[in-house]
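These notes are about the structure you will find just below.
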Amino acid sequence: MHVLILGGDGYLGWPTAMYFSNRGYEVTVVDNYFRRNACLELDSGMLYSVPSLIERAKIWYERTGYEIKVVLGDLSNPELMRGLFDGRVEYSWSVSTGFTGVPSTVVHYAEQPSAPYSLIDYKRADFTVVNNLRVTNNLLWAVRDHARDTHIIKLGTMGEYGTPNIDIEEGWINIQHNGREGRFLFPRAAGSLYHTTKVMDTDLIWFAVRMWDLKVTDLMQGPVYGIETEESNIDKRLRTIFNYDEVFGTIVNRFVTQAVSDYPLTVYGKGGQTRGYLNIKDTLQCIHASERSPASTGELRIFNQIMETFSVNELAEITKRVGDLRGHNVEIKSIDNPRKEAEEHYYNPKYQGLKDIGVTPNYLTDEVMNGLFKIVESYKENIRTDVIFKGVKWG
Ligand code: USQ
């Protein structure tokens with residue numbers, strides 16, 4: 001079994017690569033270092049520096065004997081994408097020689113993943129739209145032309161749905177209208193330009209599935225938190241990229257870092273914004289479960305990839321409770337919301353599908369929070385408080 005991971009250097013991509021490699025899969029990762037370069041360009045700061053992708057693959061090989069092949073390149077280039085399926089690929093690092101062959105599964109993370117980044121200015125907005133749609137379109141055409149049996153696992157986002165005043169189904173909804181009934185994609189109403197590119201991705205994918213009978217699983221993921229996975233425990237240098245800045249840091253990771261550095265927790269507005277969350281370990285489980293029981297030919301299967309829901313206020317309370325017990329003096333501060341989003345709203349998403357195919361949730365318990373605190377505390381001297389809040393405005 002060969003798993004190709006697009007965006008294999010990112011927060012989720014690298015842990016996913018190690019996870020599959022550790023389970024005996026052949027793994028190839030592709031990345032253009034967008035995330036690292038953007039962090040440098042925006043002066044975002046990271047909790048700790050991480051080795052290059054090639055260095056990580058070498059460390060992984062030394063420590064486990066497993067090879068993760070590395071391709072450094074930009075997947076918005078259609079020829080680079082097609083080469084991964086027709087054998088013209090040039091590996092930037094590998095142990096074995098020759099083409100690994102057509103992947104049985106492609107995991108597509110190769111997108112600009114930040115809502116604030118997409119709204120900094122026109123240049124970043126344009127990059128987000130062009131990169132995300134082009135990479136997705138390139139992938140769909142490469143699979144159409146060379147590998148129709150390959151299962152595509154695409155990372156979508158819960159933010160595609162927005163916060164509607166009705167229950168959120170897993171991707172699809174039956175609608176009765178004038179005495180007739182049909183099945184449609186659940187209505188989408190994204191809250192940022194980044195999230196809107198994910199909606200557009202879904203439309204591209206649904207078109208490709210209808211036209212070319214591709215097999216696709218689209219995972220509507222909520223904000224992820226955490227650092228450690230089973231594989232990164234092998235060697236600290238294998239830890240994933242960890243951001244706590246406003247642009248690339250997600251809320252739980254930010255709040256813990258803020259608590260450790262005596263920076264008041266930045267609750268945007270009223271703090272009633274509710275989302276579905278998951279541990280990074282569960283992202284890996286979800287991808288693996290999807291890989292093991294793939295979508296059928298001509299099926300766009302959609303799962304809501306979250307394990308539990310919290311409001312921002314609830315997350316702040318949990319962080320304060322655990323942080324205070326660890327000797328931090330955690331302050332919670334409501335600040336003007338730089339985003340345009342509902343701060344009090346109904347939120348009732350369904351998220352049973354992934355559990356039905358074997359995922360066992362890791363919840364955000366105090367023990368899990370303690371574990372996260374412990375790691376962040378060990379890098380306390382690296383935390384830069386000047387990058388925590390910059391105020392990228394939606395309007
Ligand atoms: N928030 C605060 N204070 C902060 C940071 C965030 O109150 O300091 C609030 C935001 O306003 C938002 C919520 O917390 O209501 C979540 O924000 P986030 O920055 O953790 O997550 P978001 O921008 O929505 O994006 C993240 C990932 C993205 C993924 C998305 C899933 O960066 O790639 O698609 O989570 S979801 O939120 O379900 O759309």
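The values are calculated or read from the model by the stated rules, or taken from the named source; none is laboratory data. None of these values were measured; they are calculated from a predicted model. FYI the Cβ positions are ideal-geometry reconstructions off the backbone, even for glycines, and counts take in every protein chain you see.
Does I357 meet the test of being crowded, with 19+ Cβ neighbours inside 10 Å and touching a residue at least 40 places away in the same chain (Cβ under 8 Å)? Even if it seems obvious, please write down each step before you answer.
Details: crowded, with 19+ Cβ neighbours inside 10 Å: no; touching a residue at least 40 places away in the same chain (Cβ under 8 Å): yes.
Against the criterion (crowded, with 19+ Cβ neighbours inside 10 Å and touching a residue at least 40 places away in the same chain (Cβ under 8 Å)), I357 does not qualify.
Collect the residues in the stretch 159-170 that are crowded, with 22+ Cβ neighbours inside 10 Å and in a loop (DSSP other than H, G, I, E, B), keeping them in residue-number order. Full working, then the answer.
Of the stretch 159-170, the ones crowded, with 22+ Cβ neighbours inside 10 Å are 159-161, 168.
Y161, the sole residue that qualifies.
Would you mind finding the one in E314, E341, E331, E308 that is more than 28 Å from K281 (Cβ to Cβ) and at pLDDT 95 or above? Let's see the steps before the verdict.
Values: E314 fails: more than 28 Å from K281 (Cβ to Cβ); E341 fails: more than 28 Å from K281 (Cβ to Cβ); E308 fails: more than 28 Å from K281 (Cβ to Cβ).
Of the residues listed, the single one that is more than 28 Å from K281 (Cβ to Cβ) and at pLDDT 95 or above is E331.
Collect the residues in the stretch 20-43 that are touching a Lys or Arg at 6+ places or on another chain (Cβ under 9 Å), touching a residue at least 60 places away in the same chain (Cβ under 8 Å) and surrounded by 22 or more Cβ atoms within 10 Å (Cβ to Cβ), keeping them in residue-number order.
Selection gives T28 alone.
Answer yes or no: is there a residue in the stretch 248-255 that is more than 9 Å from the ligand (Cβ to nearest atom) and touching a Leu at 6+ places or on another chain (Cβ under 8 Å). Even if it seems obvious, please write down each step before you answer.
Of the stretch 248-255, the ones more than 9 Å from the ligand (Cβ to nearest atom) are none.
No, every residue in the stretch 248-255 fails to be more than 9 Å from the ligand (Cβ to nearest atom) and touching a Leu at 6+ places or on another chain (Cβ under 8 Å).
Of everything in the stretch 342-395, what is farther than 23 Å from S311 by Cβ and touching a Leu at 6+ places or on another chain (Cβ under 8 Å)? Give them in sequence order.
Matches in the stretch 342-395: Y379, N382, I383.
Condition (residue is in a helix (DSSP H, G or I) and in contact (Cβ under 8 Å) with a residue 40 or more places away in the chain) applied to the stretch 148-158: is it met by at least one residue?
Filtering the stretch 148-158 down to residues in a helix (DSSP H, G or I) leaves 158.
Subsequent filtering for residues that are in contact (Cβ under 8 Å) with a residue 40 or more places away in the chain retains 158.
Scanning the stretch 148-158, I find at least one residue that is in a helix (DSSP H, G or I) and in contact (Cβ under 8 Å) with a residue 40 or more places away in the chain, so the answer is yes.
For the subset of the stretch 132-156 comprising residues that are surrounded by fewer than 24 Cβ atoms within 10 Å (Cβ to Cβ) and of a type in the set (K, R), which member is nearest to A208 (Cα to Cα)?
R144
Report, by residue number, each residue of the stretch 84-106 that is under 16 Å from N32 (Cβ atoms) and of a type in the set (A, V, I, L, M, F, W, C). Steps first, please.
Initially, the stretch 84-106 is screened for residues under 16 Å from N32 (Cβ atoms), giving 84, 89-93.
Within the stretch 84-106, L84, V89, W93 qualify.
Which residues, counting only those in the stretch 341-383, are in a loop (DSSP other than H, G, I, E, B) and within 15 Å of the ligand (Cβ to nearest atom)? Let's see the steps before the verdict.
Initially, the stretch 341-383 is screened for residues in a loop (DSSP other than H, G, I, E, B), giving 341-348, 350-352, 357-365, 379, 383.
Residues satisfying the conditions are E341, A342, E343, E344, H345, Y346, Y347, N348, K350, Y351, L364, I383.
Taking into account only those residues within the stretch 276-301 that are β-branched (V, I, T) and touching a helix residue (DSSP H, G or I) at 6+ places or on another chain (Cβ under 8 Å), which is nearest to T365 (Cα to Cα)? Quick ask: steps written out before the conclusion?
Of all residues in the stretch 276-301, those β-branched (V, I, T) come to 280, 283, 287, 297.
From what is left, the residues that are touching a helix residue (DSSP H, G or I) at 6+ places or on another chain (Cβ under 8 Å) are 280, 283, 287.
Values: I280: 14, T283: 17, I287: 22 Å.
Here the answer is I280.
Quick grid of which residues meet (1) buried (at least 23 other Cβ atoms within 10 Å of the Cβ); (2) of a type in the set (F, W, Y); (3) within 16 Å of the chain's Cα centre (by Cα):
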residue: M200; (1), (2), (3): no, no, no
residue: I205; (1), (2), (3): yes, no, no
residue: T257; (1), (2), (3): yes, no, no
residue: Y268; (1), (2), (3): no, yes, no
residue: R292; (1), (2), (3): no, no, no
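Check whether at least one residue in the stretch 194-201 is assigned to a loop (DSSP other than H, G, I, E, B) and away from the ligand (no atom under 13 Å from the Cβ), and report yes or no. Spell out how you get there, then give the answer.
Step one: filter the stretch 194-201 for residues assigned to a loop (DSSP other than H, G, I, E, B), giving none.
For the stretch 194-201, residues assigned to a loop (DSSP other than H, G, I, E, B) and away from the ligand (no atom under 13 Å from the Cβ): absent.
Considering only the stretch 81-105, state which residues are within 26 Å of the chain's Cα centre (by Cα) and of a type in the set (F, W, Y).
F85, Y91, W93
For residues that are surrounded by 20 or more Cβ atoms within 10 Å (Cβ to Cβ) and not in a strand (DSSP E or B), scanning just the stretch 294-322, find the one that is farthest from the ligand (Cβ to nearest atom).
Going through the stretch 294-322, the residues surrounded by 20 or more Cβ atoms within 10 Å (Cβ to Cβ) turn out to be 300-307, 310, 312, 315-316, 319, 322.
From what's left, not in a strand (DSSP E or B): 306-307, 312, 315-316, 319, 322.
Working: I306: 7, M307: 12, V312: 4, L315: 8, A316: 8, T319: 11, V322: 17 Å.
By that ranking, first place goes to V322.
Which of the residues belonging to the stretch 53-76 are touching a residue at least 40 places away in the same chain (Cβ under 8 Å), more than 16 Å from I5 (Cβ to Cβ) and not in a helix (DSSP H, G or I)?
Result: S76, single match.
I'd like to check something: does the stretch 273-289 contain any residue that is of a type outside the set (A, V, I, L, M, F, W, C), exposed (fewer than 15 other Cβ atoms within 10 Å of the Cβ) and either assigned to a helix (DSSP H, G or I) or more than 16 Å from the ligand (Cβ to nearest atom) (or both)? Spell out the reasoning first.
Applying the first criterion (of a type outside the set (A, V, I, L, M, F, W, C)) to the stretch 273-289 yields 273-277, 279, 281-283, 285, 288.
Remaining after also requiring exposed (fewer than 15 other Cβ atoms within 10 Å of the Cβ): none.
No, every residue in the stretch 273-289 fails to be of a type outside the set (A, V, I, L, M, F, W, C), exposed (fewer than 15 other Cβ atoms within 10 Å of the Cβ) and either assigned to a helix (DSSP H, G or I) or more than 16 Å from the ligand (Cβ to nearest atom) (or both).
When you look at F242, is it part of a loop (DSSP other than H, G, I, E, B), within 16 Å of the chain's Cα centre (by Cα) and within 12 Å of the ligand (Cβ to nearest atom), yes or no?
Values: part of a loop (DSSP other than H, G, I, E, B): yes; within 16 Å of the chain's Cα centre (by Cα): yes; within 12 Å of the ligand (Cβ to nearest atom): no.
For F242, the condition - part of a loop (DSSP other than H, G, I, E, B), within 16 Å of the chain's Cα centre (by Cα) and within 12 Å of the ligand (Cβ to nearest atom) - is not met.
Just to verify a result, which residue in the stretch 202-232, among those that are among the hydroxyl-bearing types (S, T, Y) and part of a strand (DSSP E or B), is farthest from the ligand (Cβ to nearest atom)?
Of all residues in the stretch 202-232, those among the hydroxyl-bearing types (S, T, Y) come to 202, 217, 225, 229, 232.
Now restrict to residues that are part of a strand (DSSP E or B): 217, 225.
On the way: T217: 16, Y225: 8 Å.
Within the stretch 202-232, the match that is farthest from the ligand (Cβ to nearest atom) is T217.
Do we find a residue being crowded, with 16+ Cβ neighbours inside 10 Å, basic (K, R) and within 16 Å of the ligand (Cβ to nearest atom) anywhere in the stretch 109-126?
Our first condition is that a residue be crowded, with 16+ Cβ neighbours inside 10 Å; within the stretch 109-126, this holds for 109-120, 124-125.
From what's left, basic (K, R): 124.
If we keep only those that are within 16 Å of the ligand (Cβ to nearest atom) as well, we get 124.
Yes, because at least one residue in the stretch 109-126 is crowded, with 16+ Cβ neighbours inside 10 Å, basic (K, R) and within 16 Å of the ligand (Cβ to nearest atom).
Report whether or not V260 is within 12 Å of the ligand (Cβ to nearest atom) and either touching a helix residue (DSSP H, G or I) at 6+ places or on another chain (Cβ under 8 Å) or not aromatic (F, W, Y) (or both). Explain how you work it out, then say what you get.
On the way: within 12 Å of the ligand (Cβ to nearest atom): no; either touching a helix residue (DSSP H, G or I) at 6+ places or on another chain (Cβ under 8 Å) or not aromatic (F, W, Y) (or both): yes.
Answer is no for this residue.
Only one of these is under 16 Å from S192 (Cβ atoms), in contact (Cβ under 8 Å) with a residue 12 or more places away in the chain and among the β-branched types (V, I, T): V106, V129. Name it. Lay out the reasoning, then the answer.
On the way: V106 fails: under 16 Å from S192 (Cβ atoms).
When all the criteria are applied, what remains is V129.
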